[in-house]
Amino acid sequence: MSSNLESLARQVAESGRIEGLSDKHFIDGRFIARGNESLECYDPGTGKPFAQFAAGGKAEIEEAVEAAKVAFAKVWSKVVPAERGRILQKTAALIREKADYLTVVESLDSGKTLSEAKGDIANAARTFEYYAGAADKLQGDSFPISGDLLAYTVPEPMGVTAHIIPWNYPLAMLARGVAPALAAGCTIVAKPAEQTPMTALLMAGILQEAGLPDGVFNVVTGTGEEAGAPLAAHKDVAHITFTGSVETGGKVMQAAARNITQVTLELGGKSPAVVLADCDMENAINNVAGSIYKNAGQICSAGSRLVIERSIHDEFVDKLSRRAAQLRLGHGLRDPDVGPVNSQEQLGKVKGYLEDAKARGVETRAGGAVTADPETGLGWFVEPTIFDNLDSKDRLVQEEVFGPVLAVQVIDSLDEAIEVANDTEYGLVAGVFTKDSAKARRLAGALDAGQIFVNQWFSVGIEVPFGGNKKSGIGREKGMEGLRAYCKIKAVGERF
Ligand code: ADP
């Protein structure tokens with residue numbers, strides 16, 4: 001951690017304030033105020049407001065989509081791919097240059113620890129860098145038909161794309177959709193989550209500084225109902241990228257269906273870490289703990305279920321429980337092991353699961369309650385929790401809690417592991433811990449998920465496609481797959 005970052009974080013933690021944030025929308029290259037009310041941004045580490053932002057609605061969405069439509073037709077679709085790539089490369093460099101400030105804003109706004117926020121900002125820079133290099137490598141095919149007939153394909157940009165962003169990874173998720181959309185030649189209207197709008201507005205300034213023409217990237221802040229819904233329902237939007245809950249994803253898909261708009265949905269997860277008796281126990285414990293306690297468990301691809309072989313269950317869960325109990329909770333800016341959950345609403349949801357588990361007499365091996373920052377007595381915190389010996393039908397196994405809460409299921413064979421691991425409505429990611437490559441390969445083949453981690457969790461980068469099966473979503477982001485989502489393929493057959 002650089003001393004610059006540490007001193008900025010300390011200063012902001014002490015004052016509860018940070019300079020340089022916007023309370024406006026960003027439309028057609030300008031930060032603009034509109035007549036509507038403001039909403040408060042809360043610091044989850046204290047539960048206190050630290051800034052305000054504009055509550056946009058249908059009128060601002062109309063204005064932003066119109067700006068994006070004009071910019072697409074007149075400007076961005078005409079900029080050659082290599083130049084688009086240069087602007088994205090400059091964007092990556094600027095994110096790195098401003099990383100300390102972005103890190104502190106992201107930590108304050110979302111509650112995540114400074115180290116995690118730092119990782120997210122580095123991730124966002126890397127995403128722009130990756131798609132900068134990909135912009136001029138979007139190629140079509142040619143097809144062998146007959147002597148005088150040539151058939152070929154051209155990937156063309158979709159047009160105006162909507163990006164509805166969740167609160168758990170505000171800047172990293174924005175980058176994941178915006179960078180490939182820009183690389184493909186699309187223009188953008190982004191609607192950050194109402195809990196965490198700040199870094200999207202900062203990105204508007206960064207993209208402009210990198211040379212992005214006016215109207216190509218627009219941000220409207222506001223609630224899901226007031227700003228998100230009209231964006232999802234807009235007839236001039238050609239593609240919607242949504243990350244969030246299954247319920248809201250369904251609403252977005254319904255709105256899109258009315259206009260036959262293409263969607264990429266990354267929704268919930270209840271991802272299993274399958275731990276076999278022959279695993280490297282220390283490595284498996286580190287990864288399972290990291291997979292569920294990182295970002296206070298508010299990760300779509302968290303390892304929220306431990307599916308473990310009976311012969312190592314007792315030792316493994318004992319050690320993991322001790323690890324969970326040792327984790328230091330605290331304000332994100334003080335960089336503890338685990339920060340707060342993102343909002344009072346989220347705290348209430350998690351608390352509901354914890355109280356229900358207690359009332360039902362579920363075996364609790366660690367945590368099990370909501371709490372506060374031990375230093376200040378403030379904020380929205382949940383103890384790192386482990387519920388043991390759960391049945392497949394238990395709601396703690398079936399439902400996404402989205403907090404630092406691990407559900408343990410015990411299995412006796414590989415076949416049972418596969419059956420148990422696949423027995424939810426979700427299919428985002430799954431992990432396998434074993435030294436036996438044949439078993440790992442078999443599980444990797446049989447687990448119904450979009451990404452499989454073997455003897456590690458999360459450690460695949462922007463190069464690798466990511467997305468869910470079943471109710472975890474539609475489509476794939478990241479990698480070249482993620483870029484193709486923003487293209488429509490035109491096929492031409494010509495004879496002269
Ligand atoms: P959560 O329930 O965890 O807060 P959501 O899935 O509701 O998460 O929110 C993810 C994003 O979707 C946020 O930017 C939110 O404002 C937006 N959103 C919420 N409701 C709607 C809706 N009806 N239409 C479009 N976007 C919405």
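Sorted by packing (mean other beta-carbon atoms within 10 Å per residue), highest first, where do 355-362, 404-411, 456-463, 39-46 land? Write out the running numbers ahead of the final one.
On the way: 355-362: 13.0, 404-411: 25.1, 456-463: 16.2, 39-46: 22.8.
Answer by packing, highest mean first, reads 404-411, 39-46, 456-463, 355-362.
Multiplying the sequence separation of ARG96 and ASP318 by 0.36 nm and subtracting their Cα-Cα distance, what value in nm do you get? Don't jump to the answer; show the numbers that get you there.
Working: separation 222, 0.36 × 222 = 79.92 nm, distance 4.11 nm.
Here the segment from ARG96 to ASP318 would lengthen by 75.8 nm.
Quick one: pull the percent of accessible area on region 272-461 belonging to carbon and sulfur, 1.4 Å probe, ligands and nucleic acids left out. Show your work: numbers first, answer last.
On the way: 3320 of 7410 Å².
Result for region 272-461: 45 percent of the exposed heavy-atom area is carbon or sulfur.
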How much length is gained if the chain between GLU399 and GLU425 is pulled fully straight, taking 0.36 nm per residue apart and subtracting their Cα-Cα distance, in nm to one decimal? 8.5 nm
Crossing angle, helix 310-326 versus the chain [Cα axis fit, 0-90 degrees, rounded to tens]: 70
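When the convex hull of the Cα atoms of region 272-461 is projected onto a plane and the area is averaged over all directions, what value comes out in nm²?
Working: hull surface 41.2 nm².
Approximately 10.3 nm², given one-decimal rounding.
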Using the heavy atoms of the protein chains and a 1.4 angstrom probe, tell me the accessible area per residue for region 272-461 in square angstrom. 39
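Starting from the Cα gyration tensor of the chain, multiply each eigenvalue by 5, take the square root, and state the resulting semi-axes largest first in whole Å. Show your work: numbers first, answer last.
Values: eigenvalues 280, 172, 76 Å².
The answer is 37, 29, 20 Å, longest axis first.
Sorted by packing (mean other beta-carbon atoms within 10 Å per residue), highest first, where do 331-341, 4-14, 477-487 land?
Working: 331-341: 25.3, 4-14: 15.8, 477-487: 21.2.
Taking the mean over residues of other Cβ atoms within 10 Å, the ranking is 331-341, 477-487, 4-14.
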In degrees between 0 and 90, to the nearest 10, how far off the longest principal axis of the chain does helix 281-293 point, with axes built from Cα atoms? 60
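Would you mind calculating the gained length between SER311 and ARG17 on full extension (0.36 nm times residue separation, minus the Cα-Cα distance), in nm to one decimal?
Values: separation 294, 0.36 × 294 = 105.84 nm, distance 5.18 nm.
Net length gain for the segment: 100.7 nm.
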Over region 272-461, relative contact order from alpha-carbon pairs under 8 Å, at least 6 apart, %: 28
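When Lys and Arg each count +1 and Asp and Glu each count -1, what net charge do the other residues less than 14 Å away from ARG96, Cβ to Cβ, add up to?
That works out to -1.
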Mind ranking VAL454, VAL189 by accessible surface for me, highest first, 1.4 Å probe? VAL454, VAL189
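Where a ≥ b ≥ c are the square roots of the eigenvalues of the C-alpha gyration tensor, would you call region 373-452 rounded, which needs a/c under 1.5, or, failing that, prolate if a/b is larger than b/c, or oblate?
Details: a/c = 2.34, a/b = 2.05, b/c = 1.14.
Judged from the Cα gyration tensor, region 373-452 comes out prolate (a/c at least 1.5, a/b above b/c).
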Take the Cα pairs of region 24-111, get the Kirkwood Rh, then feed it into Stokes-Einstein at 37 °C and 0.692 mPa s and tell me D in µm²/s. 207
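Using alpha-carbon pairs under 8 Å, 6+ residues apart, how would you state the relative contact order of the chain in percent? Please list the in-between numbers first.
Values: 1166 pairs, mean separation 89.6, N = 496.
It comes to 18 percent, rounded to a whole number.
The values are calculated or read from the model by the stated rules, or taken from the named source; none is laboratory data. Every value quoted in this text rests on a predicted model; they were computed, and no experiment measured them. Positions of Cβ are backbone-derived with ideal geometry, glycine not excepted, and every protein chain shown enters the neighbour counts. Side chains are part of the model used for accessible areas, which takes the heavy atoms of the whole protein and leaves out ligands, DNA and RNA. Shrake-Rupley method; radii C 1.70, N 1.55, O 1.52, S 1.80 Å.
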